[in-house]
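Encoded as structure tokens, the structure appears first; notes follow it.
The values are calculated or read from the model by the stated rules, or taken from the named source; none is laboratory data. This is a predicted model, so every value here is computed, not measured. Because the Cβ atoms are built from the backbone with ideal geometry, glycine has one as well, and the counts that use them run over all protein chains shown.
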Amino acid sequence: MLVVAGLAWGAWTTRAILDLRRAPAPFVKVQLGGLVADYVRAQARSATPPDQMGAQTQAFMKLLDAALAREAHAGRVVLVSEAVAGGSVPDITESVRREVYGRMPPPRTGAEGGTEARMRAWLAQNGGSDGAGH
């Protein structure tokens, strides 16, 4: 009886160890600040009316939060990339970006009617600099 119990315990332990080796990386990182900054920058350069920008940005943030929550529910610990000092933590930024933009396309930049163009025009009229030395 003791031998059978020892064999059963050994089989269970071996299976548990092999399952751990096949498990996804427990820690992953995402460049959260970069994702948000890229979206905000694209939104500022878009031709989106200001009254719609807030709603679109809120929808983007909800999708981003949902994508990160799915990673956490899959058993991964999601770290902000700025918090990772070293090591080989897998970066999931691009997969998160694809997931979010697959559900909500990025803002399209407006040719001459975007916020950036209006700001440049205002600065030119009021004697300000456009940040590029012009």
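For the stretch 94-104, indicate whether the set of residues that are of a type in the set (S, T, N, Q), closer than 30 Å to Ala47 by Cβ and touching a strand residue (DSSP E or B) at 6+ places or on another chain (Cβ under 6 Å) is non-empty. No.
For the stretch 41-52, state whether one or more residues are within 17 Å of Pro105 (Cβ to Cβ), modelled with pLDDT under 85 and among the basic types (Lys, Arg). Yes, that holds for at least one residue. Inclusion of Val36 among residues that are over 29 Å from Met119 (Cβ atoms), modelled with pLDDT of 90 or more and in contact with a helix residue (DSSP H, G or I) (Cβ under 8 Å, 6 or more places away or on another chain) is not warranted.
Only helices (runs of 4 or more DSSP H) whose full extent lies in the stretch 1-100 are considered here, and the ones with at least 3 residues that are in contact (Cβ under 8 Å) with a residue 12 or more places away in the chain and surrounded by 11 or more Cβ atoms within 10 Å (Cβ to Cβ) are 32-45, 50-73.
Looking only at residues in the stretch 24-59 that are among the basic types (Lys, Arg) and under 19 Å from the mean Cα position of the chain (by Cα), the one that is farthest from Val96 (Cα to Cα) is Arg41.
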